[in-house]
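Reviewing the structure listed below.
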Amino acid sequence: MPTAASNAIKTYRMMEYVRRFTAEPAAVQQLVLADPGQFFIVAVEQLYPLFTQAVPPSRATGHSLVYVTSGQARMSIGNDSYTVGPHEMLIARAGQVYSFEPGDVNTGFVCHFHDAILLGQAAPAEATVPFDFLHFWGRPVIELPAQTAQFVGQLLHRLLVEYTTHGLTYPAVVRAYLLALLHELNRAHTTDAPAPLSAAAALTNHFKHLVASSLKTTHRVRDYAEWLNISPNHLSKCVRRVTGKSPARWIEESIVLEAKVLLFQSKWSVGGGGRGRGHRGCFLLQPAVQEAHGPDPAGFSQAAYSVLELAGWVLTRRCVAAAPLPHHLRGRMYLTLLTLHSLVRWVLLLSIFASIFRACRGWLGRRPFTAFDNTLRHTTATVAHGQLMLGYGLYLVSPVIASFHLRDAAHAPTSLFFGVQHVALMTLAITVLTIGSALAKRQTTDQAKFRTMALWFALALVLILVAIPWPFSPLAQRPLLRF
């Protein structure tokens, strides 16, 4: 269960976690004895009914085993959901993000243990647990043969008796039974393992492991490809062939999962945490969460986005290498340009509508082309050019663009929109408007001036309206005003 894992982010300890997500914390305290972060084992039928609300994405520093003897158990591990039945073992490994919902009716055992209980106090600091199925790239479900299932059930029952009788008074006894249990599971895992993995599958498993262990510092596909000594294109082909998702999509989903963990496990206030660290905003998480849950997902309200901003400082680090600007200056520049770009958009739209209205009225009403009409034409073109320059500046410093890879565009439509479609359509629109303004200026008659303005400005307006990420747009969605 979650324990304090970092000095930077304060997370829930075992009993704080229990008090938050169970209806009867006192009943859980009777089941879980001293030092639950090291080891505990309880009967599923005693523990599960105490959880009356869904347990949100959480992370533990130890491994959790769920063994079902009857009924079924459901749990989400990482981005995938699993359901296990009798004679199946579900494994949530240390460091993995997991969640589950109440309502399962079953019997069996839940066993949680830290690596330290296995290695003992005499083990060197760099020692690791020698069981493949406890690694991130192992399968989270082990199907047990009938005889192995009987042995595993007996070992779990013996551990439960020892734990409820003596707690951790005799850690050597607990370690002995636990090692015997893990060796049985390891043998079943080896027997249950499929035929030797293809090169693509092995590479994909290694990539998943690297993402899980390095997400806080590395977010670019090309960096993972370098670690694996392959090209980014080859990595994308292998991962997509095995999982159906691109590496960029895996990284994005892992980032969203990290944000959810912060949202539910952090003890910071939702508004002040990011500012307390000196990081103003999350530039990548909000688009990713919106794509996963909709423009205004019920589970991620405005308060949730504030906490997602808190996690975003990790992601903005990927942009620092692309420019010599300090992180805080780059962040301020992005926010300033984003705000100006959002506000000037409305000034430009107002100018274009006014120009088209004056042009149509003058064209159809055969009015003279006055100095005001000419000033409005020139002002509209000037505002359009200024807005285009703001957009180009935003394009250069935006973390959304820094994370964009064209080869992964089919799996990230929002990134495709801002990386290609938005900038291309807006450039075309301003080009059309500029040509229309120049042509109108060169016409010899008033009617020709109005007609040229009306047609070319109307075409530019259509392109602009299509390229704006309205809240209702099918291409990408953003608020009407962004600050």
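The values are calculated or read from the model by the stated rules, or taken from the named source; none is laboratory data. As the structure is a computational prediction, the values presented were derived from the model and not from experiment. Backbone-built Cβ (ideal geometry, glycine too); neighbour counts: all protein chains shown. Accessible surface is based on the protein model in full, side chains and every heavy atom, while ligands, DNA and RNA are left aside. Shrake-Rupley method; radii C 1.70, N 1.55, O 1.52, S 1.80 Å.
Just give me the residues in the range 427-454 being hydrophobic (A, V, I, L, M, F, W, C) and open to solvent by 50 Å² or more (accessible area, probe 1.4 Å), in sequence order.
The answer is Leu428, Ile435, Leu439.
List, please: which pairs have Cβ atoms under 9 Å, are six or more places apart or on different chains, and start with a residue in the range 89-118 that is free of Cβ contacts under 8 Å to residues at least 24 places away in the same chain and end with one that is crowded, with 19+ Cβ neighbours inside 10 Å?
Gly103/Tyr48
Scan (1) outside any strand (DSSP E or B); (2) at pLDDT 80 or above; (3) more than 21 Å from Thr148 (Cα to Cα) for the single condition Pro86 breaks and write down its number.
Of everything listed in (1) outside any strand (DSSP E or B); (2) at pLDDT 80 or above; (3) more than 21 Å from Thr148 (Cα to Cα), Pro86 misses just condition (3).
Here's the yes/no breakdown for (1) at pLDDT 90 or above; (2) open to solvent by less than 30 Å² (accessible area, probe 1.4 Å):
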{"position": "Ala323", "(1), (2)": "no, yes"}
{"position": "Ser342", "(1), (2)": "yes, yes"}
{"position": "Phe353", "(1), (2)": "yes, no"}
{"position": "Ile356", "(1), (2)": "yes, yes"}
{"position": "His405", "(1), (2)": "no, yes"}
{"position": "Val420", "(1), (2)": "no, no"}
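May I ask you to say which residue of Phe133, Phe100, Phe113 is at pLDDT 85 or above and either open to solvent by less than 50 Å² (accessible area, probe 1.4 Å) or among the small types (Gly, Ala, Ser) (or both)?
Testing whether each residue is at pLDDT 85 or above and either open to solvent by less than 50 Å² (accessible area, probe 1.4 Å) or among the small types (Gly, Ala, Ser) (or both) leaves just Phe113.
Give just the number: which of (1) open to solvent by less than 40 Å² (accessible area, probe 1.4 Å); (2) out of contact with any Gly (no Cβ under 7 Å at 6 or more places or on another chain) does Phe369 not satisfy?
With respect to (1) open to solvent by less than 40 Å² (accessible area, probe 1.4 Å); (2) out of contact with any Gly (no Cβ under 7 Å at 6 or more places or on another chain), Phe369 is out only on (2).
With over 30 Å from Asn205 (Cα atoms), at pLDDT 85 or above and not in a loop (DSSP other than H, G, I, E, B) as the only criterion, which of Thr107, Thr169 stands out?
The match here is Thr107.
For the range 196-227, give me the residue count where each residue is crowded, with 16+ Cβ neighbours inside 10 Å and assigned to a loop (DSSP other than H, G, I, E, B).
Result for the range 196-227: 4.
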